[in-house]
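Down below is the structure, laid out as structure tokens.
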Amino acid sequence: MHIGVPKEIKVKENRVAMTPGGVESLVRRGHQVTVESGAGVGSSFSDADYERAGATLGSAADAWAAEMVVKVKEPISSEYGYLRPDLLLFTYLHLAADRPLTDALLAAGTTAIAYETVQHADGSLPLLMPMSEVAGRLSVQAGAYHLQKPVGGRGVLLGGVPGVKPGNVTIVGGGVVGTNAAKMAMGLGAHVTILDVSQRRLAYLDDVFFGRITTMMSSEANLRELLPTTDLLIGAVLIPGAKAPHLVTRDMLSLMPEGAVIVDVAVDQGGCVETIHATTHDDPTYEVDGIIHYGVANMPGAVPRTSTLALTNQTMPYVFQLADQGVLALNANPALLPGLNTYQGSLTNQPVATAFGMHW
Ligand code: NAD
């Protein structure tokens, strides 16, 4: 199959959908890969790296002319002209939030498989997980930095030093983001508490962290108890398909020490802190009632090299299947089928159809 990898053109997107290693594996399997010149630069992969791996370099139009196009972000309006009926598109799409793109894919008759709806039988979302891992780990780095006095924080070193107790990190939500945040915070030497509503999850966390973190049932009372000694609060809650609940309300901020930091990773779902709003890497924080708020909605964008490698580790097995078998891979791999969002002019994902009030 001929596979195309265009350069991401969404503002500040530095990831790329395929590494030179991925290209090499596809070429070895007998496929042809066209990579747009400069596609890998933001992730520190040069054109020469891709050429050495066996790719042909070309323009955006050359990459989009392939039978299958593999991307990171959804096509933006200037890319709609590349959509066509015999194109297989594999990328993050988030169609429920993007009616114009949905209409463009349907009008063009493109077969589009969305990373975020590829789903295993146990409900897990393997192509969302790597970005949650990155964001979870990054949340502690960001929080530790913003706790420093020169950038407005309360001047606490999370690990403490001999003779001085460590900082307290409170993590609300013990899923993928929360667990990865806990690993990093623990690694820095902080005292970590994770709250979750799932007793099973708390038991699992207690097991894997060997009792070295504190687990607590997520409740308002427990949060109110923890906030007066919390230096860094990380929001990591997810209720699939719903807006995050506001677990930390504005009046609760006054319980926290002045200069404490909130990193609400769940901001992309509205956030679990009432006072959070989305921010950017250029201007990541703001202050409310003396508490530093960090609400970057695309945290993995800060570390595109790691994010590209983490994402492609997970996407490439599906890319290989799609390249080898075309759409028949959807029958062969049950996880891929829920990923199909549009096919020959029809909407094939129920939540997206429901979001638009379309007949299903
Ligand atoms: P996950 O499903 O793995 O974990 C969510 C956890 O929240 C679950 O363990 C669940 O039991 C728990 N939970 C639900 N209600 C709760 C409550 N009331 N109190 C405490 N815990 C509760 O999800 P995840 O992959 O860890 O993602 C978490 C959030 O981070 C999502 O909103 C996701 O979209 C977001 N995210 C943001 C970025 C970013 O750049 N900002 C990047 C990746 C993920």
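Screening Ala108, Ala60, Ala65 for residues that are within 21 Å of Thr348 (Cβ to Cβ), more than 16 Å from the ligand (Cβ to nearest atom), of a type in the set (A, V, I, L, M, F, W, C) and open to solvent by 10 Å² or more (accessible area, probe 1.4 Å) leaves exactly one candidate, Ala108.
Only one residue in Gln325, Gln350, Gln321 is away from the ligand (no atom under 16 Å from the Cβ) and loosely packed, with under 14 Cβ neighbours inside 10 Å. Which one?
Details: Gln325 fails: loosely packed, with under 14 Cβ neighbours inside 10 Å; Gln321 fails: loosely packed, with under 14 Cβ neighbours inside 10 Å.
Just one listed residue meets the conditions, Gln350.
Can you give me the ranges of the helices (runs of 4 or more DSSP H) entirely in the stretch 137-256 with at least 3 residues that are open to solvent by 30 Å² or more (accessible area, probe 1.4 Å), away from the ligand (no atom under 14 Å from the Cβ) and assigned by TED's automatic domain parsing to the domain that holds Glu287?
On the way: elements: 176-188, 199-208, 220-226, 250-253.
In the stretch 137-256, the matching helices (runs of 4 or more DSSP H) lie at 176-188.
Kindly indicate whether Val69 is at pLDDT 95 or above and within 24 Å of the chain's Cα centre (by Cα). Yes: the conditions hold for Val69. Condition check for Val296 on (1) touching a Gly at 6+ places or on another chain (Cβ under 7 Å); (2) under 28 Å from Glu225 (Cα atoms); (3) crowded, with 17+ Cβ neighbours inside 10 Å: one failure, at (1).
Across the stretch 271-293, which residue is surrounded by the fewest Cβ atoms within 10 Å (Cβ to Cβ) among those that are hydrophobic (A, V, I, L, M, F, W, C) and in contact with a strand residue (DSSP E or B) (Cβ under 8 Å, 6 or more places away or on another chain)? I'd like the intermediate steps shown before the answer.
Looking only at the stretch 271-293, we keep the residues that are hydrophobic (A, V, I, L, M, F, W, C), and these are 272-273, 276, 278, 288, 291-292.
In the following step, the residues that additionally are in contact with a strand residue (DSSP E or B) (Cβ under 8 Å, 6 or more places away or on another chain) were identified as 272-273, 276, 278, 291-292.
Numbers: Cys272: 27, Val273: 28, Ile276: 24, Ala278: 13, Ile291: 26, Ile292: 23.
Once the filter is applied, the top-ranked residue is Ala278.
Can you tell me which condition Thr308 does not meet? The list is (1) within 17 Å of the chain's Cα centre (by Cα); (2) on the phi < 0 side of the Ramachandran plot; (3) near the ligand (Cβ under 9 Å from one of its atoms); (4) buried (at least 17 other Cβ atoms within 10 Å of the Cβ), and all the others hold. All conditions are met except number (3).
Matching residues to (1) touching a helix residue (DSSP H, G or I) at 6+ places or on another chain (Cβ under 9 Å); (2) at pLDDT below 95; (3) more than 14 Å from Pro304 (Cβ to Cβ); (4) open to solvent by 10 Å² or more (accessible area, probe 1.4 Å):
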{"position": "Lys10", "(1), (2), (3), (4)": "no, yes, no, yes"}
{"position": "Pro20", "(1), (2), (3), (4)": "yes, no, yes, yes"}
{"position": "Val33", "(1), (2), (3), (4)": "yes, no, yes, no"}
{"position": "Gly38", "(1), (2), (3), (4)": "yes, no, no, yes"}
{"position": "Phe45", "(1), (2), (3), (4)": "yes, no, no, yes"}
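Looking at the structure I just gave you, is Leu83 at pLDDT below 95 and either of a type outside the set (Phe, Trp, Tyr) or open to solvent by 20 Å² or more (accessible area, probe 1.4 Å) (or both)?
Working: at pLDDT below 95: no; either of a type outside the set (Phe, Trp, Tyr) or open to solvent by 20 Å² or more (accessible area, probe 1.4 Å) (or both): yes.
No; evaluated as a whole, the condition is false for this residue.
Residues in the stretch 274-291 that are touching a helix residue (DSSP H, G or I) at 6+ places or on another chain (Cβ under 9 Å) and more than 12 Å from the ligand (Cβ to nearest atom): Glu274, Thr275, His277, Thr285, Val288, Asp289, Gly290, Ile291. Cβ separations smaller than 8 Å between residues 6+ apart or across chains give no pair from the stretch 88-101 residues that are within 11 Å of Val72 (Cα to Cα) and outside the structural domain of Leu336 (by TED's automatic domain parsing) to residues that are modelled with pLDDT under 90 and in a loop (DSSP other than H, G, I, E, B).
Ser46 falls short on exactly one of the conditions (1) over 25 Å from Ala297 (Cβ atoms); (2) in contact with an Asp or Glu (Cβ under 8 Å, 6 or more places away or on another chain); (3) polar (S, T, N, Q), and that condition is (2). Within this structure, Asp268 passes the test of being within 10 Å of the ligand (Cβ to nearest atom), touching a residue at least 12 places away in the same chain (Cβ under 8 Å) and open to solvent by 30 Å² or more (accessible area, probe 1.4 Å).
The values are calculated or read from the model by the stated rules, or taken from the named source; none is laboratory data. Because the structure is a prediction, the values reported are computed rather than measured. Heads up, the Cβs are rebuilt from the backbone with ideal geometry, glycines too, and the neighbour counts pull from every protein chain shown. Side chains included, ligands, DNA and RNA excluded: accessible areas come from the protein's heavy atoms. Shrake-Rupley method; radii C 1.70, N 1.55, O 1.52, S 1.80 Å.
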